[in-house]
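The values are calculated or read from the model by the stated rules, or taken from the named source; none is laboratory data. What you see is a predicted model; the values in this text were computed from it and never measured. Cβ placement follows ideal geometry from the backbone for every residue including glycine, while neighbour counts extend to all protein chains displayed. Note: accessible area is taken over every heavy atom of the protein model, side chains too, but ligands, DNA and RNA are not part of it. Shrake-Rupley method; radii C 1.70, N 1.55, O 1.52, S 1.80 Å.
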Amino acid sequence: MPALGMGTWRMGERVALREREVAALRLGMSLGLDLIDTAEMYGDGGAEAIVADAIAGRREQVFLVSKVYPHNAGRREAVAACTRSLKRLRTGYLDLYLLHWRGDVPLAQTVAAFEALRADGRIRHWGVSNFDAADMRELLGIDGGQHCAANQVLYHLGSRGIEWDLLPLCRAKGIALMAYSPVDQGRLLRHRGLVALAARLGGTPAEIALAWLLAQPGVSVIPKASDPAHVRYIRAAADLKLAPSVHAELATLFPPPKASVPLAML
Ligand SMILES: NC(=O)c1ccc[n+]([C@@H]2O[C@H](COP(=O)([O-])OP(=O)(O)OC[C@H]3O[C@@H](n4cnc5c(N)ncnc54)[C@H](OP(=O)(O)O)[C@@H]3O)[C@@H](O)[C@H]2O)c1
């Protein structure tokens, strides 16, 4: 899985923004941001339609991720939901299909659906999202659960709770950790200490926040941007190597957890 890609939450909600959103994704792909994260939930399918336009003619270039609603995650329902997503995305397969968050459907049913989709080639890998360490242990105990390839969770400088237990667990099991809302939906970029550090280093807060995440082993990062300037900053983060002294300063500004904390989510 590429380490850096693009999110699509809030895309596909307004017709007037459609062209701008497709153009942002296309710009990102032309710059080498080859992972696109979407979901049946986003824009009620509208984001998947935006992604379809963006990847038209370049499907093989992109690692495509979508997600199933928990209430659609039953053995038959998840297969039907995936089929609908593929139709909206105008593609024959997903690279990764995630359970968006845990609901009432027994995990074994969802795993069975994902394994069936994987067997017939409609998805290449499957995973979960918003699963804490206990959820992951339960999943790994289910028949087929060991095939979980990724867990997508909230992770950014200002929210580091997963470093206590979930991130080490995922690393130990070879499960990719996908960091969502990596700039805290823009809020992190107004943090005074981060703004001052970025000014001193001659970069932007977004580049530093994303470069810090990219330096965490086993983590991939999916910021969302519809502004072309933001897309370029996201790409620039991939080339930024933060010095050990900068990592130390960031650890002071944004301390790691000292105890187990409940999984943060949006
Ligand atoms: N699995 C889940 O439950 C879950 C939950 C949340 C998110 N996600 C996924 O993760 C993706 C990213 O998370 P997110 O969209 O919540 O938040 P985010 O990526 O942390 O922040 C997106 C916001 O930051 C702005 N932004 C991006 N780069 C910027 C820059 N360089 N300078 C200033 N502002 C910048 C964007 O503005 P513009 O759009 O105007 O450029 C947008 O408003 C989502 O799109 C979605 O695909 C998954």
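Which order, highest average first, do 55-64, 123-132 follow once you tally other Cβ atoms within 10 Å for each residue and take the mean per peptide?
On the way: 55-64: 14.8, 123-132: 22.7.
Result, highest mean Cβ count within 10 Å first: 123-132, 55-64.
The length gained by stretching the chain between ALA116 and ALA199 to full extension, at 0.36 nm per residue less their Cα-Cα distance, is 24.8 nm.
Starting from the Cα of ALA243, move 7 Å in the Cα-to-Cβ direction to define the label point; list residues of the stretch 204-225 whose amide nitrogen is under 15 Å from there. Within reach of a label on ALA243, which here means backbone N under 15 Å from a point 7 Å along Cα→Cβ, the stretch 204-225 contributes nothing. Think of a 1.4 Å ball rolled over the protein heavy atoms: the chain then has 44 Å² of accessible area per residue.
If you take the square roots of the eigenvalues of the alpha-carbon gyration tensor of the chain and sort them as a ≥ b ≥ c, do you get rounded (a/c under 1.5), prolate (a/b over b/c) or oblate?
On the way: a/c = 2.06, a/b = 1.24, b/c = 1.67.
Oblate shape, in that a/c is at least 1.5 and b/c is the bigger or equal ratio.
Between ALA47, ALA238, ALA248, the residue with the greatest mean-square fluctuation in the GNM of the chain (Cα pairs under 10 Å linked by springs) is ALA248. Calculate the spin-label point distance for ARG90 paired with ARG14, positioning each point 7 Å from the Cα along the beta-carbon direction, and give it in nanometres. Once both label points are built, they end up 2.4 nm from each other.
Distance between the 7 Å Cα→Cβ label points at ARG75 and ARG171: 3.9 nm. Note on SER260 and MET1: their simple-model spin labels are 2.4 nm apart, each label 7 Å out from Cα toward Cβ. Ellipticity at 222 nm from helices only: DSSP H runs of n ≥ 4 in the chain, each -39500 (n - 2.57), divided by the residue count, give -12000 deg cm²/dmol. One Cα centroid belongs to the stretch 101-125, the other to the stretch 175-250; the line between them spans 32 Å. The antiparallel fraction among DSSP beta bridges confined to the chain stands at about 5%.
For the stretch 178-192, putting each phi into the Karplus relation 6.51 cos²θ - 1.76 cosθ + 1.60 with θ = phi - 60° gives couplings of 9, 8, 9, 6, x, 10, 6, 6, x, 4, 4, 6, 9, 5, 4 Hz, in residue order, rounded to whole numbers and with x for Gly and Pro.
Once you have the Cα-Cα distance between ARG26 and ARG187, take 0.36 nm times their residue separation minus that, and quote the gain in nm to one decimal.
Values: separation 161, 0.36 × 161 = 57.96 nm, distance 2.54 nm.
Taking 0.36 nm per residue and subtracting the Cα distance, the gain is 55.4 nm.
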